[in-house]
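Notes for the one structure printed next.
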Amino acid sequence: MQSSIPTNLTHLSRQERLRIWMQRKGITFTALARELDVTPNAVSKLCHQSTMPTRRHAALLDLGVPVELLPTPCDLKTGPKPRVQQS
């Protein structure tokens, strides 16, 4: 029986490589969500974005997720952008 997981992963996106790594390790978004105390949907969204909060990035690294499979850690301010004062 052949595996549906390709052996050459260089042409795959980061998200695809993450999904394959999770399948090989038997890890689910639900299991990660339990560890992070968030919903599985929240973990999926975090992992599929281009950036994620540094504390979530660190927590996923602590859980054993390889750094090259995670989005860039970046703390973005939430809320409206401040207005520029014109003189």
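The values are calculated or read from the model by the stated rules, or taken from the named source; none is laboratory data. These numbers come from a predicted model, not from an experiment. Please note that ligands, DNA and RNA were not included when accessible areas were found on the heavy atoms of the full protein model with its side chains. Shrake-Rupley method; radii C 1.70, N 1.55, O 1.52, S 1.80 Å.
Remarks
- Region 15-59: C-alpha gyration tensor shape, a/c 1.5 cut-off, then a/b vs b/c: oblate
- Proximal lysines relative to residue 25, as straight alpha-carbon distance under 27 Å, when same-chain residues fewer than 8 apart are discounted: 45
- Shape category assigned to region 41-87 from the gyration tensor of Cα positions, a/c cut at 1.5: prolate
- Counted residue by residue at 0.36 nm each, then reduced by the alpha carbon distance between them, the extension gain from residue 34 to residue 14 reaches 4.9 nm.
- Accessible area per residue for the chain, computed on protein heavy atoms with a 1.4 Å probe, is 77 Å².
- Sulfur and carbon atoms: percent of accessible area, the chain [1.4 Å]: 52 percent
- Read-out P(r) over Cα pairs in 5 Å bins from 0, in percent, derived from the coordinates shown; its label in (i) 3, 12, 21, 23, 14, 9, 7, 4, 3, 2, 1, 1, 0, 0, 0; (ii) 3, 15, 28, 27, 18, 6, 2, 0; (iii) 3, 14, 15, 14, 12, 11, 10, 8, 6, 4, 3, 0: (i)
- Full-stretch length increase - residue 58, residue 75 - with 0.36 nm per residue and alpha-carbon distance subtracted: 4.9 nm
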